[in-house]
1. Among the residues of the range A:100-125, which ones are more than 21 Å from the chain's Cα centre (by Cα), among the aliphatic types (A, V, I, L, M) and assigned to a helix (DSSP H, G or I)?
2. Take residues that are at pLDDT 85 or above and surrounded by fewer than 23 Cβ atoms within 10 Å (Cβ to Cβ) and tell me which of the helices (runs of 4 or more DSSP H) falling wholly in the range B:294-352 contain 3 or more.
3. Would you point out which residue out of A:Met47, A:Met62, A:Met16 is without any contact (Cβ under 8 Å) to a residue 24 or more places away in the chain and farther than 21 Å from A:Thr171 by Cβ?
4. Taking the residues in the range A:261-275 that are under 22 Å from B:Phe152 (Cα atoms) and not polar (S, T, N, Q) as candidates, determine which candidate is nearest to the other protein chains (Cβ to nearest Cβ).
5. Looking only at residues in the range A:106-125 that are more than 7 Å from chain B (Cβ to nearest Cβ) and surrounded by fewer than 22 Cβ atoms within 10 Å (Cβ to Cβ), which one is nearest to A:Gly50 (Cα to Cα)?
6. Give me the helices (runs of 4 or more DSSP H) completely within the range B:1-92, filtered to those with at least 3 residues that are without any contact (Cβ under 8 Å) to a residue 40 or more places away in the chain, ordered by residue number.
7. Run down B:Ala77, B:Ala45, B:Ala39, B:Ala19 and say which single residue is more than 14 Å from chain A (Cβ to nearest Cβ), hydrophobic (A, V, I, L, M, F, W, C), surrounded by 14 or more Cβ atoms within 10 Å (Cβ to Cβ) and touching a Lys or Arg at 6+ places or on another chain (Cβ under 8 Å).
Amino acid sequence: MFGDYSLGDLGSIFVMQGFAGLILFSVYVLMALGLAIIFGQMGVINMAHGEFMILGAYVTWMTSNFFQTYLPSLFSGYFFLAMILAFVASGALGMLVEWVLIRHLYKRPLDTLLATWGLSLILQQAFRSVFGAREVGVDLPQWMLGSLHVSESIEVPINGVFVMCLTVLITVGVAYVMYKSRWGRQVRAVVQNRIMAGAVGINTEKVDRYTYGLGCGIAGVAGSAFTMIGSTGPTSGQLYIVDTFLVVVFGGAASLLGTIASAFSISQTQSTLEFFMSGSMAKVLTLLAVVGILMLRPQGLFALKVRK
Amino acid sequence: MTDNRFFNRSELIGILLLAVFLVVVLPLTLDVFRLNLVAKYLTYAFVALGLVVCWGYGGILSLGQGVFFGLGGYCMAMFLKLEASSPENTKIQSTPGIPDFMDWNQITSLPLFWKPFHSLTFTIAAIILVPGIFALIIGTAMFKRRVGGTYFAIITQAVAAILTILIVGQQGYTGGINGMTDLRTLKGWDIRPDHAKIVLYFFEVGCLFVCIMIAQFVRHSKLGRILVAMREKEDRVRFSGYSVANFKIFAFCVAAVFAAIGGAMFALNVGFMSPSFVGIVPSIEMVIYTAVGGRLSILGAVYGTLLVNFAKTSLSETFPELWLFGLGGLFIAVVLAFPNGLAGIWGDYVQPRIDRLISSRKPKPEGWTDSSVADGAPAE
């Protein structure tokens, strides 16, 4: 399979494919971070996660249209505002959903799966009714177009670099919130022992609501980042949901480090394989490998050792 | 007609009512086109029935039943496709005697794994065995390592995704996204005209009742009791000396084989098979049929399937926009308000009234639900 390429070519191919993989990795990480918080920490299977992401993407699209029409002079900076709006919109919807739906189902994790699937169908149809069935794409500001020439045969797109920087920032932010802040400590306490956490005075219901909101908000930011590299349609979220769940499960739920490691290995495997075979076979092989490894090591790559 | 191993009196009456409904009422009142639609819906009832055993009793939620539906359906479709692609029928192709989609994909000879599907006996065996063994492998790998609950659901979902991508990607071997179309005859007997559709409908209903009986047997045997016990308190069953994994594997395999029979019936009745019945979305839709019917009710699964599908067809014909809202709302309503589905509503509200009306004579004249099993929400 390597026969026709020289060593230098191969190196460039691996770097370029590796970079394509890094962009995929960024989307996976952003999606999976929110899901790892919701699934890993709260045990809720949020099948509507993809739709929260798409909500963020649509918010970004609307913001970009708004800036284009009314504030063209500030267009180059619209993305930062869009990201905040996406976070707020998805987070608020998430908190509403938690209040209406999820809080009744904490004891029935399999039922959260069905209920959130229903929610995702409703949201998809809502997107279709409001924004139309056609995919929409945002116009990137001038400074994000083009690519950086690293060497003669290697070039990387700027929007990809930007998305990656964003991912790193958000990951660091989430890690800080979860492991260093007072609120993160409360979240982890509730996860480890809900009754005891309640007994020492933590308002577990409130923590649940904000945790769910945070997870959904991060999904919204993921959607915002997603608009930089692809177009958005009502059902785009569904394409990523299974992959994202696999990323979270493969990494070991409740482990942020594991989520990142598994997102990295899955996206790199997939994009490297994609060069040598058709996209669908690359995906099949990657998913098969993940499922195979999960059968051998069900707790995932990084598992917390807890007594049950 | 006293109680025996398979069913008590109320269940027997329920089964007879369903039999009258499917065998007498529907064929007399519907035209052939609508009857064929019912036949198509009933193929999903097989899947829903399997889910009652696996999810309702065993507490194992599989989101990959479409995989087994698809495996069964593709086995059947491969046989029918080979028969439809006889050298006389396909002499305009560059390679006569192979299915048309292979010819379009520049494949010049029949792939090895297609060859045994010339034989009907092999095909029937494959419909049962291929999904059965596949389920056995997945089940053994997962349950022996005590993977269950949500993890199992996610992994079965991933398997459904993998199989769909594989079928769509390997167009030359599987017909790709279009699936296997233009299925014509079964051992020389044309399956397309109206009278064949009616015969196939009755054949399917017969198979459905065989599956219902098997499910009834599982439920009333000791095996069924252990499944329920396992769902409620897995550790206690394990400490009592039962091999929990083996019972789970069994329930999963039964569900898989039921789904596969449904898939094979689908290929026969509807006349094609495509990856759109394999993936994640159809798999989860099949779960909702069971949930609507009542996850603990064998007959409820059949009614739930029929009801949801009728609603889907009529709603999506008239208000295509509303259908997804309706389906989504149905998911949420069933989970939040009616965890035991139609059967739960029947058992809680309708049956007591009927009982009161004729309480002077016999208790429980009919019903789909067994309150001894239906009590208590299935805990995970």
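The values are calculated or read from the model by the stated rules, or taken from the named source; none is laboratory data. Worth saying up front: this structure is predicted, and the values here are computed from it rather than measured. Counting neighbours? That spans all protein chains shown, and the Cβs are built from the backbone with ideal geometry, glycine included.
1. A:Val100, A:Leu110
2. Working: elements: B:298-318, B:320-336, B:341-345.
Correct list: B:298-318, B:320-336.
3. Exactly one of A:Met47, A:Met62, A:Met16 is without any contact (Cβ under 8 Å) to a residue 24 or more places away in the chain and farther than 21 Å from A:Thr171 by Cβ, namely A:Met62.
4. A:Ile266
5. Quick first cut of the range A:106-125, residues more than 7 Å from chain B (Cβ to nearest Cβ) only: A:106-107, A:112, A:116, A:120, A:123.
Pick out the ones that are also surrounded by fewer than 22 Cβ atoms within 10 Å (Cβ to Cβ) and you get A:106-107.
Numbers: A:Tyr106: 21, A:Lys107: 23 Å.
Only one residue fits best here, namely A:Tyr106.
6. Details: elements: B:9-20, B:26-29, B:32-51, B:65-84.
Counting at least 3 such residues, we get B:9-20, B:26-29.
7. Details: B:Ala77 fails: touching a Lys or Arg at 6+ places or on another chain (Cβ under 8 Å); B:Ala45 fails: touching a Lys or Arg at 6+ places or on another chain (Cβ under 8 Å); B:Ala19 fails: touching a Lys or Arg at 6+ places or on another chain (Cβ under 8 Å).
It is B:Ala39.
Conditions (1) touching a helix residue (DSSP H, G or I) at 6+ places or on another chain (Cβ under 7 Å); (2) surrounded by 16 or more Cβ atoms within 10 Å (Cβ to Cβ), marked per residue:
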site: B:Pro131; (1), (2): yes, yes
site: B:Ile154; (1), (2): yes, yes
site: B:Ala161; (1), (2): yes, yes
site: B:Ile165; (1), (2): yes, yes
site: B:Gly188; (1), (2): no, no
site: B:Ile191; (1), (2): yes, yes
site: B:Asp194; (1), (2): yes, no
site: B:Ile198; (1), (2): yes, no
